[in-house]
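Here is the structure we will look at, set down as structure tokens.
The values are calculated or read from the model by the stated rules, or taken from the named source; none is laboratory data. Just so it is clear, the structure is predicted and the values come from calculations on it, not from any experiment. Reconstructed Cβ throughout: ideal geometry from the backbone, glycine too, with neighbour counts over all protein chains shown. What goes into the accessible areas is simple: the full protein's heavy atoms, side chains included, and nothing from ligands, DNA or RNA. Shrake-Rupley method; radii C 1.70, N 1.55, O 1.52, S 1.80 Å.
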Amino acid sequence: MKTLHQFDEVFDTQAVFRLLLEAMANPTRTVSIAAQQQKLFGTYPAFLALGMTLLDNEVTFSTCGDEQLKQDLQLVTLSQEVPVPEADYLFIPESRRLSAVLVQAKCGTLIDPHKSASLLIRDSGEKTGTVTLYGAGIAGETTFHCSETVRQALELRDQQQYEYPMGIDLIFVTDSGDVTCIPRLVRRRDS
């Protein structure tokens, strides 16, 4: 039998999941899934590694119009693509779509704030600016050196003015496999 990839659906997904948990519990900490993404095919192997870890037949996703990524994710997971407002996971390969997608992403409810979307955003990784963040997982405040995409996503998320504890999780992924998370309860301090 010929396989399309060398990604182990048990051990590699466990490794990616642990790294993702570390990044989510420690906002602004960058972890690397480069070893796992190298075992995959396609234009966005880091997205595929995260997709194989997070998606199954009980959750939904949207690739925000990227047909090839949709086909690749459906090939390796049992998850179905749905329109952006209904998706549990939103894969955003182009930052120019960020604004249109973020305003449609589901943000949970006051009773079920966890029923919000997680946005997986392709990031250049070029740290051109800084933001000050505070909230869950951060002792006091921290200054985070980040890319323009990260800054823009945080600004757009703040503009939504979600009522606490609602919101969306942001997961930034570079082509080299670096992953940085900013959970929904972490906020940006205005400069």
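If you go through the stretch 17-64 and keep only what is on the phi > 0 side of the Ramachandran plot and either open to solvent by 30 Å² or more (accessible area, probe 1.4 Å) or in contact with a Cys (Cβ under 9 Å, 6 or more places away or on another chain) (or both), you end up with 28, 42. Selection over the stretch 1-34 of residues that are aliphatic (A, V, I, L, M) and free of Cβ contacts under 8 Å to residues at least 60 places away in the same chain gives a count of 5. Residues in the stretch 91-102 that are open to solvent by 20 Å² or more (accessible area, probe 1.4 Å), farther than 15 Å from residue 173 by Cα and either of a type in the set (Gly, Ala, Ser) or within 13 Å of the chain's Cα centre (by Cα) (or both): 99, 100. Checking each residue in the stretch 145-172 for being among the polar types (S, T, N, Q) and either touching a helix residue (DSSP H, G or I) at 6+ places or on another chain (Cβ under 6 Å) or buried (at least 19 other Cβ atoms within 10 Å of the Cβ) (or both) picks out 147, 149.
With respect to (1) among the β-branched types (Val, Ile, Thr); (2) modelled with pLDDT under 95; (3) touching a Cys at 6+ places or on another chain (Cβ under 9 Å), the lone exception for residue 84 is condition (2). Candidates 180, 142, 130: the one that is open to solvent by 60 Å² or more (accessible area, probe 1.4 Å) and in a strand (DSSP E or B) is 130. Could you tell me whether the stretch 103-117 includes any residue that is out of contact with any Phe, Trp or Tyr (no Cβ under 8 Å at 6 or more places or on another chain), surrounded by 21 or more Cβ atoms within 10 Å (Cβ to Cβ) and more than 23 Å from residue 29 (Cβ to Cβ)? Yes, the conditions are met somewhere in the stretch 103-117. Does the stretch 65-87 hold any residues that are open to solvent by less than 30 Å² (accessible area, probe 1.4 Å), within 24 Å of residue 21 (Cβ to Cβ) and not in a helix (DSSP H, G or I), and which are they? Across the stretch 65-87, the qualifying residues are 77, 79, 87.
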